[in-house]
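Chemist: Once you've had a glance at the structure underneath, I'll fire off some questions.
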Amino acid sequence: MRNTFNKIWNFEIQYGKNWLTNTQLIKPFIWIVAIGYAFFVVMIFSEISGSTSVNAFNILELIQQYESNNFSLTNIREFLPYVWIAVAIFAVITRSIITIHSYYLSVKEIGEEKFNKYFSTFILTFLIGSTTMVILSVIGWFLSFENFNADWMNSLINNGVTKFNGLIKSILPFSLNSDNYILSLIASILIAYFPGYIVHNLCHRTRLLWLLAHRPHHCPDFLFPLAAPNNNLAILEYLMAIPGAIFFIAISGMIYHEPLTIELAIWFTLCFSLESINHSIVHYDMALKNPIIKNFTTFFGGNGVYHLVHHSAKKQDQNVNLGGGPFLIWDRIFGTYRKPYEVVMPIGLTNQPKINMSPLNIVFNGFSQIWYELKMNRNWKIRFKIIFGDVNYKPPITKDFLILSECFNPI
């Protein structure tokens, strides 16, 4: 039994010995998933809970709502649902094209054999890590038949907004209730990025978040949009996104006289239109040298070439370009900004160590390491540091289930 478990845990995909590496299957899979996943991501990140939700299924209702209400700046705001439709279509098309184009460029650059093995391994890590959200969705679907509230994220954000607004109003002697639509929107967007910046920063500084949630995402030494492991269990990604949504809705409602929710949906949909470049190393030169793409991604949250630098394997780049809002404002304020390199840099974990390429191990190695350390180190001070220590802390007894050997020629 133990041997069987070890074989499953350490299973690595070998080219030519598994149907998963078959090009005839991978190529149509990429075309289908590139389009389908682009649509899925746009829908997820446009579904901003609060006073209004925006998606393909309620857009007609939203149009009627905006046309029947007398908003300030009516001539602008009544067209926002139509703007969202145009932006959503643009985002799906551009994300799909970037992903498909990245496939052909990647195969040309590293060869079909290496790409197929690499892609098959990391797409499995993505699917394994995402099963938590699938399980929650299935449970929610069944619970909905019993009249339970299956939209747990919507309820959580709505409750968070209500409580946050109540807390602020109890602290502040007044609410701004500004009528300046443009300034309110700009201030709300800048503030909305701050929680995400802090969480991402913590993922690189605290060993628990790094090992359990974020290290799998930095494992690949060749980035391809559909084969970049998510932050381990997908539930953690959604939970980390909630503070930003709560902050934007609550802050925008405090600054302006109502939450600017559809504006947030449009903004982040635009952000995700070119987001696929974030994890496409073959597009680094284009993202760096094309002024339209570089300026677009810089304005919308510092993605593109800046995020590719974030995946650099150079030691000095371990904690840079965390996505600090438009023009990387929070990165610049807190000193985590890094100017893009003029040439493609090596990417992956620091100094590109040799790692165990088992999909299960890539996803769950952090859990194994933390459990092993807690079991083998009986001192409670050490155990406290294992959980709450810095990312560079190593307990007296430890075992890394991911890294097989360190690089002896530091980059």
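Chemist: Quick one: what does P(r) look like for region 261-411 with 5 Å bins over all Cα pairs, in whole %?
Modeler: For region 261-411, the pair-distance distribution reads 2, 9, 14, 15, 15, 14, 13, 10, 6, 3, 1, 0.
Chemist: Could you give the length gained by full extension between Ile97 and Thr398, i.e. 0.36 nm per residue of separation minus their alpha carbon distance, to one decimal place? List each step's numbers first, then the result.
Modeler: Working: separation 301, 0.36 × 301 = 108.36 nm, distance 4.42 nm.
Contour length minus Cα-Cα distance gives 103.9 nm.
Chemist: Okay, moving on. Straight-line reach only, C-alpha to C-alpha below 21 angstrom: list the lysines that Lys385 could link to, leaving out same-chain residues fewer than 8 apart.
Modeler: Result set, ordered by chain and number: Lys375, Lys394, Lys399.
Chemist: Got a number for the accessible area of Trp267? Probe 1.4 Å, square angstrom, nearest 10.
Modeler: Counting only protein heavy atoms, Trp267 exposes about 30 Å² to solvent.
Chemist: Out of residues 5 or more away from Ile347 or on other chains, whose amide H comes under 5 Å of its own, with H placed 1.01 Å from N in the peptide plane?
Modeler: Correct list: Ala313.
Chemist: Between Trp31 and Trp19, what length comes free when the chain is fully extended (0.36 nm per residue of separation minus the Cα-Cα distance, one decimal in nm)? Could the numbers behind the result be given before it?
Modeler: On the way: separation 12, 0.36 × 12 = 4.32 nm, distance 1.80 nm.
Between Trp31 and Trp19, full extension yields 2.5 nm more.
Chemist: In square angstrom, rounded to the nearest 10, how much accessible surface does Met254 have for a 1.4 Å probe?
Modeler: 30
Chemist: Let me ask something else. Give the calculated FRET efficiency between Lys381 and Leu60 to the nearest 0.05, with a Förster radius of 56 Å applied to their Cβ-Cβ distance. Let's see the in-between values first.
Modeler: Details: r = 60 Å, r/R0 = 1.07.
E between Lys381 and Leu60, to the nearest 0.05, is 0.40.
Chemist: Give me the lysines in straight-line cross-link reach of Lys114: C-alpha distance below 27 Å, same-chain residues under 8 apart excluded.
Modeler: Those lysines meeting the cut-off are Lys7, Lys17, Lys27, Lys314, Lys315, Lys354.
The values are calculated or read from the model by the stated rules, or taken from the named source; none is laboratory data. Computed from a predicted structure; not experimentally measured. Neighbour counts are summed over all protein chains in view; Cβ atoms, including those assigned to glycine, are modelled from backbone coordinates with ideal geometry. Surface areas here come from the heavy atoms of the whole protein model, side chains and all, with no ligands, DNA or RNA. Shrake-Rupley method; radii C 1.70, N 1.55, O 1.52, S 1.80 Å.
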